[in-house]
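Accompanying notes for the structure given below.
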Amino acid sequence: MLCVVTESISSLRDRAEQVLPPATWDFVAAGAGRESTVTGNEAAWDRWWLRPRTMVDVGTVDTATTVLGGPVATPVLLAPAGRQRALHPDGEVAVAAAAGAAGTVYCLATSATTDLHDLAGLPGRRWLQLYVSEDREQTRRVVENAAAAGYERIVLTLDRPVEGNRPRSRRHGTLGPLPPGAAVTTHLGDGSTRAHVPSRWDRSLTWADLDWLTALGLPLTVKGVLRADDAVRAAGHGADSIVVSNHGGRQLDGTVPTAVALPEVAAAVDVPVLVDGGIRTGGAVFRALALGADAVLVGRPYLWGLAAAGEAGVRAVLDTLTAELRDTMTLAGCPTIADITADLLTPATC
Ligand SMILES: Cc1cc2nc3c(=O)[nH]c(=O)nc-3n(C[C@H](O)[C@H](O)[C@H](O)COP(=O)(O)O)c2cc1C
C-alpha cells in the first residue's frame, strides 16, 4: 500500500518562514554568493530519470539498512547544523529525540547550542561534526568527550576554512543574539561557551592532519568532498567514509551540485560514501542511493521542521522523506535498499 503523508515538507518550510525572525530565516536559507549552488543542488537530482523495474514482488518493501556499521530504519540521516536553539527552544535536544525515535543518526555540530554531553541519555545513534581549533589540545578534549559520551564517530568538515560570503545573511544584520539561556557550547563539558561570532578555526589543516585526528581514537568521516582525487587522499589518510557535500551551497558559490559529483567520488573509493545537498524528496534519496551513496543527510528540511513544530516537525520531515522513498522503491521494483542500483537511472536529455 502506498503511504499518504499529510504534513508536506513545503508546508513546514512555509510555517518556518512565518514563525522565524527574518534574520534567523535568512541564516537557514542563506547560500554563498548568488546562491547558484543552492538552487543547483536541488535541481540536479531531477536531471536523472528513473527506469523502474516491473513484475517484482513488492509485497514487502523495507527502507532499513546498515550505515557505517550500525542499523538504521531509514537511509535519511540528519546533517550537522549549528545554533539550533536559535530556531526552537528545544534545539538540538528535539532533533536528537526525533532522530532516535525514527531510528536514524543525528550528527551534532561543533557550533551547537547544546553540549554533546546533554544528548548522551537519549536513545539513538549519534556522530559529532568537528571543526579543528587552533588550540589542538581543546579539539583533542572534545573528541575524547565525544567518545566517552557514546558518539560513534567524528565527521570532519573540510570545506569551511573560512565562512562563505553569504549576502542573504547580511540583509537583516547578522543572526543576532541567541535566545536567553542559549549559547554556542565548546563541548568541553564544563559549561564554557564560545562567543557568538563567525568563528575562526584552524585554516592550516592539510591531509597530514587526518593522521593526528584518527589517532585520537574515534573513526573518522570527512565531509565536503567533491572530487575523486580528494576522496582517494582522504581514504589514504585514514578516513573510513566520505560525505559528498558542498555545505548546502553555503561556502563557494558555483560549486558543482552534489548529484553531479557523487558518481565520480563513489567510483573512486572502496569506503562508504554518503551525500547531502538539495535533497527534498524521497525520489532524490532514491537517486542518491542509485548513484552510489550508502545514505543521505538532509539539512534545511529538518531545520524547517524544527522551527515549525520542534521535535514533531523534525519527525514529520523524516517520516515524509522515508514514506516517499518507500513509495519510490515500491513503484521502481526495489523491495530492499540493496536493490537500488545504477541501472535504475538514466541522465535526462530533455
Ligand atoms: C543553518 C545551517 C547551518 C549549518 N551548519 C553546519 C555546521 O556547523 N557544520 C557543517 O559541517 N555543516 C553545516 N551545515 C551544512 C549541512 O551539514 C549540510 O551539508 C547541508 O545543509 C546540506 O544541504 P541541504 O541544506 O540542502 O540539505 C549547515 C547548514 C545549514 C542550512
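The values are calculated or read from the model by the stated rules, or taken from the named source; none is laboratory data. In this text, all values refer to a predicted model and were calculated from it rather than measured experimentally. Ideal geometry is used to build each Cβ from the backbone, glycine not excepted, and the neighbour counts take in all protein chains shown. Remember, those area values only see protein heavy atoms, side chains included, never the ligands or the DNA or RNA. Shrake-Rupley method; radii C 1.70, N 1.55, O 1.52, S 1.80 Å.
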Computed FRET value (nearest 0.05) for ASP135 with ARG51, which takes r as the C-beta separation and R₀ as 51 Å: 0.45
Between ALA147 and CYS350, take the C-beta separation as r, use R0 = 51 Å, and let me know the FRET efficiency to the nearest 0.05. 0.50
Give me the dipole magnitude in Debye, nearest 20, for region 9-340 about the Cα centre, with unit charges on the beta carbon: positive for Lys and Arg, negative for Asp and Glu. 720 debye
Mean separation of Cα contacts under 8 Å (6+ apart) over length of the chain, as relative contact order %: 29 percent
Against the longest principal axis of the chain, how steep is helix 91-102, in degrees 0 to 90 to the nearest 10, with axes from Cα atoms? 30 degrees
How many angstrom lie between the Cα centre of region 131-161 and the Cα centre of region 268-338? 26 Å
At R0 = 41 Å, how high is the FRET efficiency between VAL58 and SER36 if r is their beta carbon distance? Nearest 0.05 is fine. 0.60
Once ligands and nucleic acids are excluded and a 1.4 Å probe is used, how much of CYS350 is accessible, expressed in Å² to the nearest 10? 120 Å²
Would you tally the net charge around LEU178, using a Cβ to Cβ cut-off of less than 9 Å, leaving LEU178 out, and scoring K and R as +1, D and E as -1? +2
For the chain, the percent of accessible surface on carbon and sulfur atoms (probe 1.4 angstrom, ligands and nucleic acids excluded) is 55 percent
Separation between the ALA43 and GLU264 pseudo-spin-labels, each 7 Å from Cα along Cα→Cβ, expressed in nm? 1.9 nm
Between the Cα axis of helix 258-268 and the main Cα principal axis of the chain, the angle (0 to 90°, nearest 10) is 80 degrees
With a ≥ b ≥ c taken as the square roots of the eigenvalues of the C-alpha gyration tensor of region 9-340, please select rounded if a/c is under 1.5 and otherwise prolate if a/b is larger than b/c or oblate if it is not? rounded
List residues of region 118-141, by number, whose backbone nitrogen lies under 12 Å from a label position 7 Å along Cα→C-beta of ASP209. 130-137, 139-140
Over the chain, give the accessible area per residue in Å² for a 1.4 Å probe, as an integer. 41 Å²
